[in-house]
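Coordinate-derived values only; no laboratory data. Quick caveat: nothing in here was measured; it's all calculated off a predicted structure. No Cβ is skipped: glycine too gets one built from the backbone with ideal geometry, and neighbour counts run over all protein chains shown.
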Amino acid sequence: MKTYRLPRTVVAEIKQLIASDKPSPRPPSVLVRILKLLSESRHYERAGIFLMVGGREVPRAFGGTQAAAGEPRPELSVPIKIAGRALGSLRVQLAAGHGFSPQERVFLHQVARILALYLTSKGKYLVRKTREALRETTAASSGETRGYQPASDKGGGLETRRVVAAGDKSRS
């Protein structure tokens, strides 16, 4: 059920969701719950989080309903950045008959800042996990394998040498 809520109320609820986040093997993740909250409390048809991996954005989480085919809906993409480094983007699609106001843009930038802090907080490895998953998928599709390869017997292996300090008679 969609009920329009004030931006400060939604921001407080997002912060509460993040604060109560505990690792869980069962979906939905906190990102999905945040996107669902955004789409239910604002005039958003759909919301998504895309993370930067290898110079391109990869979908990570979605919330809301799939837009029906027909008239195009306004969409806004807000960068998720921390310390000038782009982690990805928050994308929202408005419901029919609505537009993005300046206040709505400020609100979405505020949500993106909260998401950046969450994605880079201690113990949150979402960006790294997404990069690893993409790397594995790419390697599997290209037929690459990264297995153990022993060092060559012709001097390519590691050598250990014993260094004796001058005057150390116990090691000679």
If you count, for each residue, the other Cβ atoms within 10 Å and average over each peptide, how do 34-40, 13-19 line up from highest to lowest? 34-40, 13-19
Mind giving me the FRET efficiency for ALA83 and GLN16? R0 is 22 Å, r the Cβ-Cβ distance, nearest 0.05 is fine. 0.30
What does the charge count around GLY63 come to, taking other residues whose C-beta lies under 12 Å from its C-beta (Lys +1, Arg +1, Asp -1, Glu -1)? +4
